[in-house]
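Just below is one structure, and these are the notes that go with it.
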Amino acid sequence: MTCWYEGPLAAFDTETTGVDVETDRIVSAAVVVQDAAGSRPRVSRWLVNPGVPVPEGATAVHGLTDEHLQLNGRWPAPVMFEIAEALAEQAAAGRPLVVMNAPFDLTLLDRELRRHRASSLDRWLDSTPLLVLDPRVLDKHLDRYRKGRRTLTDLCAHYGVELDGAHDAAADAQAALDVVRALGRRFAARLERLAPAELHNLQAVWHAAQARGLQAWFARSGQEELVDPAWPLRPDYPAAA
């Protein structure tokens, strides 16, 4: 029987105007679908005119300028609909979705749907929820004592995955998918008996524990930064009165 990490997987990634999920916008996105390890992936790409200026710092990361997005990007409303439909299709197919640092990309998509579609990501997934695989959470749990950073670039280097064109949504999505396959093989003894649905639920627990540990570290360091334990989607907190 084929293990889940050798079978059908999809991956999702975004490039954005910044790192605040409540206020920043998606400027590009991609969904990569691969039916089996080594098979040719199917890639869907979106380019978005976010309707707000793209900071120079964000452009320095992904290379997408205001001028390019205004000329070539589409309006957000139809794009967010199409992305949500694509993710719902993966859920309906029972295909696990790889999302590196899932609370960022999925929460940002949820906020864009609320902003432009008067909807939410949950509304697309009310009949069949996503089965999310987050390489960051998996790696931190399975190899918790390894020192060093755990960005996608770092994980690719550690697991021997090629990352060609970092900070391109499609390239990052494919790389994250390949990392999950490599991670599954390396920790097969601990993962092969777990179904993706079980792993999804376990990652929520693992991420919460990781968040508590990071929060404690911030406290010891005298930093007031808050770490959200929610995974894979942050709740829509009501605005302060």
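The values are calculated or read from the model by the stated rules, or taken from the named source; none is laboratory data. The shown structure was predicted, so the numbers you read here are calculated from the model rather than taken from an experiment. With ideal geometry, Cβ positions are generated from the backbone for all residues, glycine too; neighbour counts draw on all protein chains shown. All accessible areas refer to the heavy atoms of the entire protein, side chains included, with ligands and DNA or RNA removed. Shrake-Rupley method; radii C 1.70, N 1.55, O 1.52, S 1.80 Å.
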Averaging sequence separations of C-alpha pairs under 8 Å and six or more residues apart, then dividing by the length of the range 49-158, give the relative contact order as a whole percent.
-> 26 percent
Arrange the peptides 161-167, 204-210, 95-101, 14-20 so that the one whose residues have, on average, the most other Cβ atoms within 10 Å appears first.
-> 95-101, 14-20, 204-210, 161-167
Cα-centred dipole magnitude for the chain, charges only on beta-carbon of K, R (+1) and D, E (-1), debye, nearest 20 | 760 debye
Once the dipole of the range 44-142 is set up from charges on Cβ (+1 Lys and Arg, -1 Asp and Glu), the residue from the list TRP75, PRO103, VAL52 lying farthest towards its positive end is PRO103
Take every Cα pair under 8 Å in the chain that's 6+ residues apart, average their separations, divide by the length, and report that relative contact order as a whole percent.
-> 21 percent
Would you mind working out the magnitude of the charge dipole of the range 57-132 relative to its Cα centre, with +1 at each Lys and Arg C-beta and -1 at each Asp and Glu C-beta, to the nearest 20 Debye?
-> 120 debye
Restricting the range 103-183 to trypsin sites (Lys or Arg not before Pro) in coil, as DSSP defines it, with at most 15 other Cβ within 10 Å = ARG144, ARG146, LYS147, ARG149
Just the accessible area per residue of the chain, please: how many Å² with a 1.4 Å probe?
-> 50 Å²
Cα-centre dipole for the range 107-161 with unit charges at Cβ (Lys and Arg positive, Asp and Glu negative), debye to 20 | 280 debye
Efficiency of FRET between ALA230 and ARG146 - r from beta-carbon atoms, R0 30 angstrom, step 0.05 | 0.75
At a 1.4 Å probe radius, carbon and sulfur cover how many percent of the accessible area of the range 66-116?
-> 49 percent
Scoring only Lys, Arg, Asp and Glu (+1, +1, -1, -1) among other residues with Cβ under 10 Å from the Cβ of HIS62 yields -3
Go through LEU155, TYR145, ALA211 and say which Cα lies farthest out towards the positive end of the charge dipole of the range 118-241; charges sit on Cβ, +1 for Lys and Arg, -1 for Asp and Glu.
-> TYR145
Let a ≥ b ≥ c be the square roots of the eigenvalues of the Cα gyration tensor of the chain; is it rounded (a/c under 1.5), or, if not, prolate (a/b larger than b/c) or oblate?
-> rounded
